[in-house]
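Q: Would you mind keeping the following structure in view while I ask a few things?
Values quoted throughout were computed directly from the atomic coordinates according to the rules given, and no laboratory measurement underlies them. Everything quoted here is computed from the prediction, not taken from an experiment. Cβ placement follows ideal geometry from the backbone for every residue including glycine, while neighbour counts extend to all protein chains displayed.
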Amino acid sequence: MKLSRTVSYAVRATLQLAQNESTNPVPCSKLASDGEMPERFLLQILRVLVTHGILKSTRGVEGGYSLSRSPQDISLLDVIEAIDGPLETAGGLPNAESEGDVQQRLQTALRQVTDTARQQLESIKLAQLLPPAVLPPAASIPREHVQN
């Protein structure tokens, strides 16, 4: 599965915020410079994440962005769908009207793949993607997500 650059920046920014030990919001400029992301583009992404309830923004001199929920409560699917919209099954075979039965079987198979991907992405929380030193004690990583 390939993530768009926009989703990649969104995930990186939310992970940066999840690692923020301060209770103060983080300015977009700091997220952009620390994450080596274009600031103007990142600002658009952060606004979308605020609209979808993943981040909250604070205005003013001490303003910036912070997670709206705990990293244990925000899934990778939440971030992906906030940016790219619902994860959907791709179209079937082009010009396959005459092969309806084949088309239906293909659509069923693709739907199953999409459903499995959705379940996996929903099960991966931001807390699981943080370096071990940053993880709160309650945010242990399930064995199925650990790569050997």
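Q: Taking Lys30 as meeting all but one of (1) touching a residue at least 24 places away in the same chain (Cβ under 8 Å); (2) more than 15 Å from Pro71 (Cα to Cα); (3) touching a helix residue (DSSP H, G or I) at 6+ places or on another chain (Cβ under 7 Å); (4) charged (D, E, K, R), write down the number of the exception.
A: (3)
Q: Quick one: how many residues across the range 20-37 are part of a loop (DSSP other than H, G, I, E, B), within 19 Å of the chain's Cα centre (by Cα) and surrounded by 13 or more Cβ atoms within 10 Å (Cβ to Cβ)?
A: Qualifying residue count for the region: 2.
Q: If I ask for residues that are in contact (Cβ under 8 Å) with a residue 40 or more places away in the chain and among the β-branched types (Val, Ile, Thr), which ones from the range 60-85 would you list?
A: Ile74, Val79, Ile80, Ile83
Q: Identify the single condition in (1) touching a residue at least 60 places away in the same chain (Cβ under 8 Å); (2) in contact with a Pro (Cβ under 9 Å, 6 or more places away or on another chain) that Ser57 does not satisfy, given that it satisfies every other one.
A: Result: Ser57 fails condition (1) only.
Q: Being of a type in the set (S, T, N, Q) and under 16 Å from Leu43 (Cβ atoms) is the filter; apply it to the range 9-19 and report the residue that is surrounded by the most Cβ atoms within 10 Å (Cβ to Cβ).
A: So the residue we want is Thr14.
Q: Same structure, new question: Which members of the range 47-76 meet the condition of being of a type in the set (Ser, Thr, Tyr) and either crowded, with 16+ Cβ neighbours inside 10 Å or touching a Gly at 6+ places or on another chain (Cβ under 9 Å) (or both)?
A: Listed by number, the residues that qualify are Ser57, Thr58, Tyr65, Ser66, Ser68, Ser75.
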